[in-house]
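Read the structure below first, then the notes.
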Amino acid sequence: QVQLVESGGGLVQAGGSLRLSCAASGSIFSINAMGWYRQAPGKQRELVAVITSGGIRNYADSVKGRFTISRDNAKNTVYLQMNSLKPEDTAVYYCNYRYGAYESWGQGTQVTVSS
């Protein structure tokens with residue numbers, strides 16, 4: 001089992017920045033993928049960004065150039081630096097850990113961007 005604890009959400013004005021963190025604990029395999037998804041009210045959960053333990057990154061088109069995902073393998077922590085935030089980025093952001101067919105989710109952290 002892998003447990004994920006997120007932090008860093010909050011309220012910010014459009015154009016501002018936030019940094020999300022997600023710390024993983026438990027039975028962590030060294031080769032894995034960690035990422036961030038988000039779900040806005042009335043919408044499906046969508047991928048924001050993912051990074052593998054080898055450093056390969058993938059971003060949703062809507063956040064490319066604005067968001068940066070990074071990780072510290074020694075701390076089993078993944079980060080999401082969000083710049084130039086827009087009201088449409090408002091959502092609950094969920095951390096995800098994946099190893100093979102196994103995946104775990106964090107409890108979610110609210111990000112609200114005011115116009």
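The values are calculated or read from the model by the stated rules, or taken from the named source; none is laboratory data. These numbers were taken from a predicted model, which means no experiment stands behind them. Using ideal geometry, Cβ is built from the backbone for each residue, glycine included, and neighbour counts are taken over all protein chains shown. Surface areas here come from the heavy atoms of the whole protein model, side chains and all, with no ligands, DNA or RNA. Shrake-Rupley method; radii C 1.70, N 1.55, O 1.52, S 1.80 Å.
Taking a sphere under 15 Å around the Cβ of Pro87 and counting the other residues whose Cβ falls inside, with K and R at +1 and D and E at -1, yields a net charge of +2.
Among the trypsin sites (Lys or Arg not before Pro) within the range 1-98, those in coil by DSSP and having at most 12 neighbouring Cβ atoms inside 10 Å are Lys43, Lys64, Lys75.
Evaluated at 4 °C with a viscosity of 1.567 mPa s, what Stokes-Einstein diffusion coefficient in µm²/s does the chain have when Rh comes from the Kirkwood expression over alpha-carbon pairs? Rounded to a whole number, D works out at 92 µm²/s.
For the residues Leu85, Leu11, Leu20, a GNM of the chain with alpha-carbon springs under 10 Å puts the largest fluctuation on Leu11.
Solvent-accessible area of the chain (1.4 angstrom probe, protein heavy atoms only): carbon and sulfur portion equals 50 percent. Provide the net charge surrounding Thr52, with neighbours chosen by a C-beta distance below 11 Å and charges set as Lys +1, Arg +1, Asp -1, Glu -1. With Lys, Arg at +1 and Asp, Glu at -1, the net is +3. Modelled spin labels at Ser70 and Ile56, positioned 7 Å past Cα toward Cβ, are 2.2 nm from each other. For the range 5-115, the solvent-accessible area with a 1.4 angstrom probe is 52 square angstrom per residue.
Computed over the range 27-115, relative contact order equals 28 percent, with contacts defined as Cα pairs under 8 Å that lie 6+ residues apart.
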